[in-house]
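The values are calculated or read from the model by the stated rules, or taken from the named source; none is laboratory data. Computed from a predicted model, the values in this text were never measured in an experiment. Every residue, glycine among them, receives a Cβ derived from its backbone with ideal geometry; neighbour counts consider all protein chains shown.
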Amino acid sequence: MARNNYAIFGLGSFGSKLALELSKAGNNVLVCDLNPLRVEELRDKVTQAVIADVSNEDAIKELNVAKFDAVILGMSSFFEKQILALTLIKQEGVRRVLAKANTAIQEKILYRLGADEVIQPEQDVAYRLSRRLSLSNIADMFEFKGSAIAEVTVPGHLGGRTLRELDLRGRHQVTVLLLRKPGCTEEIPPGPTTLIERGDQLTVFGSQQSIIQLFKEE
């Protein structure tokens, strides 16, 4: 798998956690913050750790930000510096810029200044938790290029038939990727003759609306 190059500016809880996860996944990760302690904490866990003020034009040029596949700005608590950093790195021709926002107003400003994606972690977590609590048969759902991947529990109205009989792909454009039986830890890729029973755990791929309609308990 090809290694991607990421730069993360701002090492609060969001930026630090993201840096660790990207590094664990085998990517090249540069982290940058003005706080020496935060930088030192990650120095041995990422590709490069730098103490610098990324709202400064000279610092941005020295970091050669255009070489990164994406730059992530996690400095939403220092919004003025984040705006300056965003402006500078867009001027340097960075391919993709993601920025963390604390409020809807921050989100709107960041998009207007050229951010390719704006993340509000607290809002995203609240939305996913609300959806999970409201839809008892859907454990989790992730959007993926216009579709969704979800972990679901088979409701009663789908149980007792094989995947061929259910024809979820043909009738609902939903594909079953993995199956796990209750009480088991092993997940298997099911075949057309696999019997699906109520309570089975499935990992499925399809449109969000189709998944919600298909796996709700009737």
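Tabulated results
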read-out: Residues of the range 60-74 classified as within 26 Å of Gln120 (Cβ to Cβ), of a type in the set (A, V, I, L, M, F, W, C) and under 23 Å from the mean Cα position of the chain (by Cα), total; value: 6
read-out: Condition met for Leu214 (assigned to a helix (DSSP H, G or I) and under 27 Å from the mean Cα position of the chain (by Cα)); value: yes
read-out: Scan of the range 184-211 for residues that are within 18 Å of Ile138 (Cα to Cα) and over 25 Å from the mean Cα position of the chain (by Cα), ordered by number; value: Ile196, Glu197, Arg198, Gly199, Asp200
read-out: Meets criteria (in contact with a helix residue (DSSP H, G or I) (Cβ under 9 Å, 6 or more places away or on another chain), part of a helix (DSSP H, G or I), at pLDDT below 90 and surrounded by 12 or more Cβ atoms within 10 Å (Cβ to Cβ)) for Gln123; value: yes
read-out: Residues of the range 7-24 satisfying the condition of being of a type in the set (Ser, Thr, Tyr) and either surrounded by fewer than 16 Cβ atoms within 10 Å (Cβ to Cβ) or not assigned by TED's automatic domain parsing to the domain that holds Ala85 (or both); value: Ser13
read-out: Test for Phe79: is it in the same structural domain as Leu110 (by TED's automatic domain parsing) and either touching a helix residue (DSSP H, G or I) at 6+ places or on another chain (Cβ under 6 Å) or within 15 Å of Leu113 (Cβ to Cβ) (or both); value: yes
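Here's the yes/no breakdown for (1) touching an Asp or Glu at 6+ places or on another chain (Cβ under 7 Å); (2) exposed (fewer than 13 other Cβ atoms within 10 Å of the Cβ):
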| site | (1), (2) |
| --- | --- |
| Thr153 | no, no |
| His172 | no, no |
| Thr175 | no, no |
| Arg180 | yes, no |
| Glu186 | no, yes |
| Pro192 | no, yes |
| Arg198 | no, no |
